[in-house]
Amino acid sequence: MDIMSNSTLLTAPDTYIGIYNELSKYNVHLNIFERLWASWYAYMQNDVLATGILSFVMHEAVYFGRSIPWIIIDAIPYFNKYKIQGQKIPTAREQWACTKLVLLSHFTVELPQIWLFHPMAKACGMDTGVPFPAWTTMALQIAIFFVIEDTWHYWAHRLFHWGPLYKNVHKIHHQYSAPFGLAAEYASPIETMVLGAGTVVVPIVWALCTKNFHVLTMYLWITCRLFQAIDAHSGYEFPWSLHHFLPFWAGAEHHDVHHEKFIGNYASSFRWWDYIMDTESGPEAAKARREKAQKKAAKKAQ
């Protein structure tokens with residue numbers, strides 16, 4: 001980090017707060033978040049370790065922090081009327097069993113990948129310094145990542161429903177026919193790595209090609225992606241659900257049908273790939289196919 005080479009830090013104290021106070025004296029142009037960020041890297045004195053710890057803690061805090069509200073909602077009978085598969089409320093035992101497997105996956109599969117992320121991304125041109133990029137730059141990049149990841153997820157997920165791959169890899173994720181938030185990352189290590197590549201590799205390739213990518217953008221992107229995945233697995237359809245305002249957004253209503261029917265609705269965030277490839281699932285999609293087939297048959301009979 002360029003800011004860390006400032007001579008004013010050569011005699012900086014050893015504590016994180018001390019480093020923050022010293023850095024703040026000579027870098028008044030930085031906002032409080034940038035100072036906290038720079039102080040963390042200066043305190044750790046090891047960028048790989050600093051990014052690794054920050055990344056893992058961020059992932060766990062966001063994943064379980066976003067899942068807790070859905071656990072609470074599952075425990076409140078009032079919300080049952082919004083449950084898509086209302087008769088299938090996850091039990092405490094199911095949620096705990098899911099949590100244990102997810103934690104095992106996080107520590108044995110995702111943690112090593114997180115540790116490798118910093119050197120790999122830095123080699124591709126990722127920035128970890130301050131100041132942070134403009135919010136408009138980060139928002140545009142995250143929007144692009146959503147579109148590319150959705151494409152990757154659609155085709156990889158659809159492939160996982162091919163017989164041998166479904167039986168040996170993807171079937172684990174379909175243990176719960178009525179999904180719940182914690183089950184978003186309930187999957188085999190192979191599936192976790194393959195589908196996760198759409199989330200992690202895409203930004204790394206972006207950094208390699210553009211040389212304009214900051215790790216903070218990565219954190220915000222992963223936060224948005226985790227929110228999307230957990231909400232899609234929540235099993236709840238509300239009048240205020242996002243797809244009512246953005247018709248192309250997938251959401252829980254879209255993904256819940258996939259878990260119930262075990263086929264169709266393969267995309268993660270958007271509906272357009274399933275529409276284009278005619279892989280939409282559910283009663284409305286089936287009705288639309290019947291009507292389309294009837295029209296085609298009538299036209300052929302003329």
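Just so it is clear, none of the values below were taken in a lab; they were calculated from the coordinates. Just so we're clear, the structure is a prediction, and the values are computed from it rather than from any experiment. As a convention, Cβ positions derive from the backbone with ideal geometry for all residues, glycine included, and neighbour counts pool all protein chains shown.
Laid out as a table, the results:
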{"read-out": "Cα-based helix-to-principal-axis angle, 32-44 vs the chain, degrees rounded to 10", "value": "70 degrees"}
{"read-out": "nm² value of the averaged projected area, convex hull over the Cα atoms of region 1-132", "value": "11.5 nm²"}
{"read-out": "Between 0 and 90°, nearest 10: helix 215-232 axis offset from the chain longest Cα axis", "value": "30 degrees"}
{"read-out": "FRET efficiency, Val48 to Thr137 (Cβ-Cβ, R0 25 Å, nearest 0.05)", "value": "0.50"}
{"read-out": "About the Cα centre, charge dipole magnitude for region 72-207 (Lys/Arg +1, Asp/Glu -1 at Cβ), debye", "value": "460 debye"}
{"read-out": "Cut-off under 5 Å, modelled amide H: who pairs with His214 long-range", "value": "Asp127"}
{"read-out": "FRET efficiency for Cys224 and Ala301, using Cβ-Cβ distance with R0 set to 41 Å, rounded to 0.05", "value": "0.25"}
{"read-out": "Rule-of-thumb Rg ratio for region 130-222 [Cα; 2.2 N^0.38 Å; N residues]", "value": "1.27"}
{"read-out": "Length released on extending from Gln113 to Glu284, taking residue separation times 0.36 nm less the Cα-Cα span", "value": "57.5 nm"}
{"read-out": "Gained length - Leu104 relative to Tyr78, 0.36 nm times residue gap less alpha-carbon distance", "value": "6.1 nm"}
{"read-out": "Label-point gap, in nm, between Lys171 and Trp240 - each point 7 angstrom along Cα→Cβ", "value": "4.2 nm"}
{"read-out": "Part-to-part distance (alpha-carbon centres) for region 120-149 and region 66-81, which is given in Å", "value": "34 Å"}
{"read-out": "Principal axes of region 181-269: Cα extent on each, largest first, Å", "value": "41, 32, 21"}
{"read-out": "Residues Thr91 and Phe248, FRET efficiency given R0 of 25 Å [Cβ-Cβ distance, rounded to 0.05]", "value": "0.15"}
{"read-out": "3J(HN,Hα) from dihedral phi, region 55-60, Karplus parametrisation 6.51/-1.76/1.60, rounded to Hz, x for glycine, proline", "value": "5, 5, 4, 4, 4, 5"}
{"read-out": "Tilt relative to the chain, helix 135-160 - C-alpha long axis, 0 to 90 degrees, to 10", "value": "40 degrees"}
{"read-out": "Calculated diffusion of the chain, Stokes-Einstein form, Kirkwood radius summed over Cα pairs, 4 °C and 1.567 mPa s, µm²/s", "value": "60 µm²/s"}
{"read-out": "Relative exposure of Ser67, Ser24, Ser234, Ser55, judged by other C-beta atoms within 10 Å (fewest first)", "value": "Ser24, Ser55, Ser67, Ser234"}
{"read-out": "Relative contact order %, the chain, counting alpha carbon pairs below 8 Å whose residues are six or more apart", "value": "20 percent"}
{"read-out": "Mean-position separation - Cα centroids, region 154-170 and region 189-242, in angstrom", "value": "20 Å"}
{"read-out": "Which listed pairs, of Lys171/Lys295; Lys122/Lys171; Lys261/Lys299; Lys100/Lys171, have C-alpha distances above 27 Å, in listed order", "value": "Lys171/Lys295; Lys122/Lys171; Lys261/Lys299"}
